[in-house]
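What follows is a set of notes on a single structure, which appears directly below.
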Amino acid sequence: MSQNAPVTVTVTGAAGQIGYALLFRIASGQMLGADTPVRLRLLEIPQGVKAAEGTAMELDDCAFPLLESIDIADDPRVGFEGANVALLVGARPRTKGMERGDLLEANGGIFKPQGEAINAVAAQDIRVLVVGNPANTNALIAASHAPDVPTERFTAMTRLDHNRALSQLASKTGASVKDIEKLTIWGNHSATQYPDVFHASVAGKPVTELVDEAWLSDTFIPTVAKRGAAIIEARGASSAASAANAAVDHVHDWVLGTPQGAWTSAAIVSDGSYGVPEGLISSFPVTSTGGRWEIVQGLEVNDFSRQRIDASVAELVEERDAVQGLGLI
Ligand SMILES: NC(=O)C1=CN([C@@H]2O[C@H](COP(=O)(O)OP(=O)(O)OC[C@H]3O[C@@H](n4cnc5c(N)ncnc54)[C@H](O)[C@@H]3O)[C@@H](O)[C@H]2O)C=CC1
Ligand SMILES: O=C([O-])CC(=O)C(=O)O
């Protein structure tokens, strides 16, 4: 098989839980395809470098044929050098007693210099996925410090929410996830997100014929929106393998395209579609062709959906105003 040019992939927070689940899948070719060699760059804070070195030793020990090199850095200007794809996973988690403003400020201290470094040293075609929470607003901060990179190349992850919604709907209807089409996550990757099934079908049947509105509002929506918290409660740690899997799915579809006629969900910069203020990084129904996400247009939004989209978007506006107030964007 002929091979493509190698792709440089930078992963921040490489020594963390998600990093540990993610790097092996990237190196094995599951993210960019079996014909694309990968050069990995692991970016950590100084305290995380030793553990990242341990992960790199294990990556070596897998003898992945596609893995050309592994570099470890604690300086963003080194870690993003020549990056074609950047997965921004490392973030400051909320700790006890921390207010939302403190969390946004602490993350501003991470995503501002990372945005600047991406602007300065990444490859021309850099594509960024922000996983670290609050993901949408962290993506906004990074994008605003990378003026030379088109904002559409900064995205945030709602694919885990999308996959969670697929799975919940499959289990309710007794179908397989592969039979479900045209589901959407709108808004923020937070408890206000809105998983929308009004355009979705299961094995060709409209979902609205299979479930009722009470199940949607009382079970489906809260289960999907609060799944992260339920995992933390059960596992004693936040979702890691499923988050890594969703990151692989997001970048795979972005670079290699979504299947004909299908859509997925990703938080991308709004062009004002569906009443989402221009410039916000919000989740939409999206397709990807030629390495570009596009928002699916022309969907009818009923009152049930409108209220919920508006509530999540209002939270994004609040977060944006807060980081603006802190001088982070
Ligand atoms: N968008 C989504 O769907 C999801 C997002 N998350 C978020 O992903 C993030 C990472 O989660 P985990 O891997 O479980 O956390 P973790 O705490 O296990 O790992 C985070 C790693 O990031 C590193 N780090 C911190 N600041 C850094 C910086 N400035 N540069 C480079 N590395 C840095 C830390 O040293 C640590 O190794 C969290 O913010 C979590 O809330 C988690 C699940 C789903
Ligand atoms: O809250 C967290 O850290 C984990 C998270 O985003 C999720 O599982 O969706």
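The values are calculated or read from the model by the stated rules, or taken from the named source; none is laboratory data. What you are looking at is a predicted structure, and each value in this text was computed from that prediction instead of being measured. FYI the Cβ positions are ideal-geometry reconstructions off the backbone, even for glycines, and counts take in every protein chain you see. Surface accessibility is based on the protein's heavy atoms, side chains included, excluding ligands, DNA and RNA. Shrake-Rupley method; radii C 1.70, N 1.55, O 1.52, S 1.80 Å.
What the table shows:
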{"item": "Label-point separation in nm, ALA230 to ALA34, each point 7 Å along Cα→Cβ", "result": "3.5"}
{"item": "Probe 1.4 Å, all protein chains present, accessible-area order of LYS112, LYS178, largest first", "result": "LYS178, LYS112"}
{"item": "Residues of type lysines that LYS205 reaches as a straight line, Cα spacing below 23 Å, ignoring anything fewer than 8 places off in the same chain", "result": "LYS172, LYS178, LYS182"}
{"item": "Net length gained if the chain between ALA241 and ASP71 were fully extended (0.36 nm per residue, minus Cα distance)", "result": "58.9 nm"}
{"item": "Antiparallel bridges, percent of DSSP beta bridges restricted to the chain (to nearest 5)", "result": "45"}
{"item": "Residue-wise HN-Hα coupling along region 80-90, computed from phi with Karplus coefficients 6.51, -1.76, 1.60 (Hz; x: Gly, Pro)", "result": "9, 4, x, 5, 8, 10, 10, 10, 8, 9, x"}
{"item": "Projected-area mean, the chain, by convex hull of Cα positions, square nanometres", "result": "16.6"}
{"item": "Long-range tail of P(r) for region 29-140 (Cα pairs > 17 Å, %)", "result": "59"}
{"item": "ASP35 - accessible surface, heavy atoms, 1.4 Å probe, Å² rounded to 10", "result": "50"}
{"item": "Amide H within-cut-off set for ASN188, under 5 Å, with H built and near neighbours excluded", "result": "GLN193, TYR194, SER283"}
{"item": "Length added when fully stretched, ASP218-LYS178, from 0.36 nm per residue minus Cα-Cα", "result": "11.9 nm"}
{"item": "Residue order for GLU300, GLU315 - accessible surface, 1.4 angstrom probe, largest first", "result": "GLU300, GLU315"}
{"item": "Extended-chain gain in nm, criterion 0.36 nm per residue less alpha-carbon gap, CYS62 and ALA5", "result": "18.4 nm"}
{"item": "Residues with amide H under 5 Å from that of VAL131, placed H, sequence gap 5 or more", "result": "LEU88, VAL89"}
{"item": "Label point 7 Å beyond Cα of SER167 along Cβ direction - residues of region 116-139 with amide nitrogen under 12 Å", "result": "none"}
{"item": "Scattering curve values for region 287-329, log₁₀ I(q)/I(0), Debye with Cα scatterers, q = 0.13, 0.15, 0.19 Å⁻¹", "result": "-0.51, -0.64, -0.80"}
{"item": "Helical segments meeting 27 Å axial Cα length and Kyte-Doolittle -1.0 threshold in the chain (DSSP H)", "result": "100-121, 303-325"}
{"item": "Calculated P(r) tail over 16 Å for region 96-199, as whole % of Cα pairs", "result": "64"}
{"item": "Where only alpha carbons of region 171-329 are counted, the Rg and the Dmax (Å)", "result": "16.2, 49"}
{"item": "Per-residue SASA entry for GLU278, accessible area with 1.4 Å probe, Å² rounded to 10", "result": "140"}
{"item": "3J(HN,Hα) from dihedral phi, region 183-196, Karplus parametrisation 6.51/-1.76/1.60, rounded to Hz, x for glycine, proline", "result": "8, 9, 9, 10, x, 9, 7, 7, 5, 8, 3, 10, x, 10"}
{"item": "Lysines whose Cα lies under 30 Å from that of LYS50, excluding same-chain neighbours fewer than 8 positions away", "result": "LYS96, LYS112"}
{"item": "Projected label distance in nm at VAL317 and GLN47, using a 7 Å step from Cα toward the beta-carbon", "result": "3.8"}
{"item": "Rg/Rh ratio calculated on Cα atoms of region 113-174 (Kirkwood radius)", "result": "1.19"}
{"item": "Which of SER69, SER265 is most accessible, then next, and so on - probe 1.4 Å", "result": "SER69, SER265"}
